[in-house]
Amino acid sequence: MESQHISVLLQECIDNLNINPSGIYIDGTLGGGGHAGHIARQLNTEGHLIGIDRDEVAIDRASHHLKNLELKCKVTLVRNHFSNLQKILTDIGIAQVNGVLFDLGVSSYQLDEAERGFSYMQEGPLDMRMDRRETLTASDVVNTYSEEELTWLIRTYGEEKWAKRIAAFIVKGRVEAPIESSGRLVEIIKNAIPAKARKEGPHPAKRTFQAIRMEVNQELQQIERMLEIAADVLMPKGRICVISFHSLEDRLVKNAFRKMSMSCICPPEFPECRCDHTPILKVVTRKPIIPTEREIDENPRARSAKLRVAEKI
């Protein structure tokens with residue numbers, strides 16, 4: 001299935017990166033190449049765009065998209081995880097960059113390709129791996145995690161109030177036969193949530209699928225370290241832009257930016273500063289930038305997006 005990729009908060013990202021036409025910019029979550037393409041269009045022959053993604057399909061799609069733009073700048077695409085940013089830059093021979101963008105959401109392509117198993121709207125195998133070189137799949141999570149582990153996962157990552165009941169129904173369902181398709185998992189989730197509750201809010205399986213996807217891809221575990229590395233490789237006045245789609249992601253980004261912008265990180269009970277902490281970032285967005293109603297109407301997947309920006313001191 002061919003999907004249309006719509007870049008979220010596109011103009012807001014471009015504006016906040018303060019792009020230097022001769023600069024070096026990283027799109028750490030390349031996806032379909034939408035953000036990357038618009039960044040690259042701002043660059044001249046001395047500029048350099050570095051695109052990173054762990055999904056080989058994303059690399060292929062973005063490569064095709066960027067080639068069609070007839071860009072002036074140098075383009076380097078790397079299949080890797082953004083948590084390996086320091087090694088990626090070392091391998092390329094780059095020490096510092098002018099800006100970094102991270103879009104932490106799952107891409108439209110991944111959602112719309114049924115065989116990837118990300119979507120609760122299509123029948124497909126329970127996979128959900130962004131990098132198919134990894135071994136843990138959604139099927140492994142659903143069929144091998146204990147009821148207690150599933151409850152914690154769905155409640156914490158999915159923020160689902162019916163987590164305990166959904167976990168119990170999953171465990172009961174897999175006793176009858178392994179849960180191997182997205183369609184069967186959706187039916188189990190629907191049966192677990194009372195009919196009245198299913199009529200309100202988003203699709204009843206949305207939160208559970210999100211939680212499983214975040215577990216399979218370890219999406220929260222590397223965010224703080226990723227931002228520390230990004231801040232370290234930024235040139236003075238360089239900026240980091242991060243788009244998140246989940247409250248836990250946004251909180252991690254907010255706290256990481258705040259920590260790196262503080263002059264003291266000593267515990268409050270200390271009578272005087274002993275940490276010798278030096279701030280390296282200035283927070284540009286005290287409150288996150290959110291999509292306009294028009295953008296949400298044109299792209300409903302943008303609804304929960306939040307953009308936070310920080311600048312290297």
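The values are calculated or read from the model by the stated rules, or taken from the named source; none is laboratory data. Quick caveat: nothing in here was measured; it's all calculated off a predicted structure. Virtual Cβ from ideal backbone geometry, glycine too; neighbours counted across all protein chains shown. Surface areas here come from the heavy atoms of the whole protein model, side chains and all, with no ligands, DNA or RNA. Shrake-Rupley method; radii C 1.70, N 1.55, O 1.52, S 1.80 Å.
Taking the chain as a Gaussian network of alpha-carbon nodes connected by springs under 10 Å, the highest mean-square fluctuation of the residues LYS172, LYS199, LYS161 belongs to LYS199. What FRET efficiency do you get for GLN218 and VAL57 if R0 is 22 Å and r is their Cβ-Cβ distance, rounded to the nearest 0.05? Rounded to the nearest 0.05, the efficiency is 0.70. Computed over protein heavy atoms with a 1.4 Å probe, the accessible surface of the range 62-151 works out to 48 Å² per residue. Within the chain, what percent of beta bridges assigned by DSSP are antiparallel, to the nearest 5? If I count the DSSP bridges inside the chain, around 35 percent turn out antiparallel. Rolling a 1.4 Å sphere over the protein heavy atoms, what is the accessible area per residue of the range 163-313, to the nearest Å²? Solvent-accessible surface per residue comes out at 53 Å².
The HN-Hα couplings worked out from phi for the range 119-133 by the Karplus form 6.51 cos²θ - 1.76 cosθ + 1.60 (θ = phi - 60°) are 9, 8, 9, 10, 6, x, x, 7, 10, 6, 7, 6, 10, 6, 7 Hz, whole numbers, x standing for Gly and Pro. Taking the protein heavy atoms of the range 143-213 in the context of the full set of protein chains, the accessible area attributed to carbon and sulfur is 51 percent at 1.4 Å. For the range 1-120, the fraction of 1.4 Å probe accessible surface lying on carbon and sulfur atoms is 44 percent. Summing Lys, Arg as +1 and Asp, Glu as -1, what charge do residues with Cβ under 11 Å from the Cβ of PRO291 carry, PRO291 excluded? It works out to a net charge of -1. Here, P(r) means the percent of Cα pairs in each 5 Å bin from 0 to the largest distance; for the range 16-84 it is 4, 20, 32, 24, 15, 5. Relative to a virtual label point 7 Å from the Cα of LYS161 in the Cα→beta-carbon direction, which members of the range 183-213 show backbone nitrogen distances below 14 Å? Label zone hits: 193-202.
Scaled to the globular estimate 2.2 N^0.38 Å, the Cα spread of the range 184-280, given as radius of gyration, is 1.59. The shape of the range 133-198 can be summarised by an equivalent ellipsoid whose semi-axes, obtained from the alpha carbon gyration tensor, come to 19, 14, 11 Å from longest to shortest.
Over the chain, with a Gaussian network built from C-alpha contacts below 10 Å, which listed residue (LEU101, LEU30, LEU248) shows the highest mean-square fluctuation? Among LEU101, LEU30, LEU248, the largest GNM mean-square fluctuation belongs to LEU248. Here r is the Cβ-Cβ distance between ILE6 and GLU115 and R0 is 22 Å; the resulting FRET efficiency, rounded to 0.05, is 0.50. Once both labels are positioned 7 Å from their Cα atoms along Cα-to-Cβ, the gap between LYS199 and MET262 label points is 4.8 nm.
Length available on full extension from ALA95 to PHE270: 0.36 nm per residue minus the Cα-Cα distance, which gives 59.3 nm. Between ARG303 and ASP140, the distance separating the two model label sites (each 7 Å from Cα on the Cα→Cβ line) works out to 3.2 nm.
For the chain, the spread of Cα coordinates along the three principal axes comes to 60, 60, 39 Å, biggest extent given first.
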